[in-house]
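To start, the structure under review is shown below, and the notes come after it.
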Amino acid sequence: MRIERLPLNALRAFAEAVRDNSFKAAAHRIGVTPGAVSRQVKQLEDHLGVALFERHANGVCVTEAGRLLAEDVQAGLLRIASGVQNVTERSEQAFQLLLSAPPSFLQLWLLPRLPGFETNEHQIEISLDAEARLMPPLWLPNRARLSLRYGQGPWYGVNSLRLFEDTLFPVCSPTLLTQEMLQTPSDLLAQTLLTVDWCSHASRHIPNWSDWFKSTGVAMGKKPNQRHYSLFSLALDQAIAGQGVVLASYPLVADRLASGVLVRPFGEHYPLGSPFAYDLILPSDGEAPPAVARFIGWLTQEAAHFRDASL
């Protein structure tokens, strides 16, 4: 029988009536009249074509078929009640955390690591917002909003935790490195330079290819070939595909360097220090709710492990 055709009210009335062999007792428990229980049971019997109760002058007595059906119905109702309770308790206990962060940082650093936190934490539900604009952080009784930001402080009106300082250096695919024999910084002048346009930081100068070449003592002279992208992850995909060289922020490429799909053509030489950093932005007052405090602790620990591994 298809589930949408099951007479659920009648099944509940029937299950209650079986417990004491009494329509009156069932009516009392579910808040209806004995006549209503009697009618629902009769409708169920007509629906099934099976007698579920024997009716006598002094009351009713469940039949063997009714007893067998009651065992399954009662088990099913208990399972439904348990499921409803579990959902209710979860919705009451789960803390909602909205975390906003630049899209590339979410995709390339946070998302690969977040399952490690969620596996052991069941009292917080994390929603991610790929937003480069700073949103005001806040604490509320059952939810919070935090931001991860790449920028240059100070951050006014909020507290902040430093996750990483930033270092920039060129990366490319191993194939491009082999084909082009990139040995010195000046060799990059003949390559396609993949460039990210950081519109959200228009008021601040973010180090770029010009700064990197200057730090290596190479005069750019004629402007090299460049391709421009609005997201770092897009430029990175093109670098992996062998379409050019990208000036990379270490946290965003560390996993791909470890996997070997990207390489540093000059090893650890020619890094460019950046005044920008990755910070976690917190409300300026109040205390983090326990679930959020655990997330902040996990995040800062992951950042510390990451920093240690990069040394």
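Taking region 204-225, which residues are outside any loop (DSSP other than H, G, I, E, B) and not hydroxyl-bearing (S, T, Y)?
The first filter runs over region 204-225 and keeps only residues outside any loop (DSSP other than H, G, I, E, B), leaving 209-216.
Passing the criteria: W209, D211, W212, F213, K214.
Residues checked against (1) closer than 21 Å to L148 by Cβ; (2) free of Cβ contacts under 8 Å to residues at least 24 places away in the same chain; (3) touching a helix residue (DSSP H, G or I) at 6+ places or on another chain (Cβ under 9 Å):
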{"residue": "D237", "(1), (2), (3)": "no, yes, no"}
{"residue": "Y250", "(1), (2), (3)": "yes, no, yes"}
{"residue": "V253", "(1), (2), (3)": "yes, no, yes"}
{"residue": "G260", "(1), (2), (3)": "no, no, yes"}
{"residue": "Y270", "(1), (2), (3)": "no, no, yes"}
{"residue": "D285", "(1), (2), (3)": "yes, yes, no"}
{"residue": "P289", "(1), (2), (3)": "yes, no, no"}
{"residue": "T300", "(1), (2), (3)": "yes, no, no"}
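Are any of the residues in region 143-165 under 16 Å from Y278 (Cβ atoms), within 14 Å of the chain's Cα centre (by Cα) and either modelled with pLDDT under 90 or in the same structural domain as P265 (by TED's automatic domain parsing) (or both)?
No, region 143-165 has no match at all.
Any chance you could count how many residues in region 225-239 are under 17 Å from L188 (Cβ atoms) and either among the hydroxyl-bearing types (S, T, Y) or buried (at least 16 other Cβ atoms within 10 Å of the Cβ) (or both)?
4
How many residues, within region 30-47, are over 15 Å from A15 (Cα atoms) and either hydrophobic (A, V, I, L, M, F, W, C) or part of a helix (DSSP H, G or I) (or both)?
3
Scan L44, L6, L52, L48 and give me the residue that is free of Cβ contacts under 8 Å to residues at least 40 places away in the same chain, in contact with a strand residue (DSSP E or B) (Cβ under 7 Å, 6 or more places away or on another chain) and surrounded by 12 or more Cβ atoms within 10 Å (Cβ to Cβ).
Every option except L52 fails the conditions.
The values are calculated or read from the model by the stated rules, or taken from the named source; none is laboratory data. Computed from a predicted structure; not experimentally measured. Neighbour counts run over all protein chains shown; Cβ positions are idealised from the backbone, glycine included.
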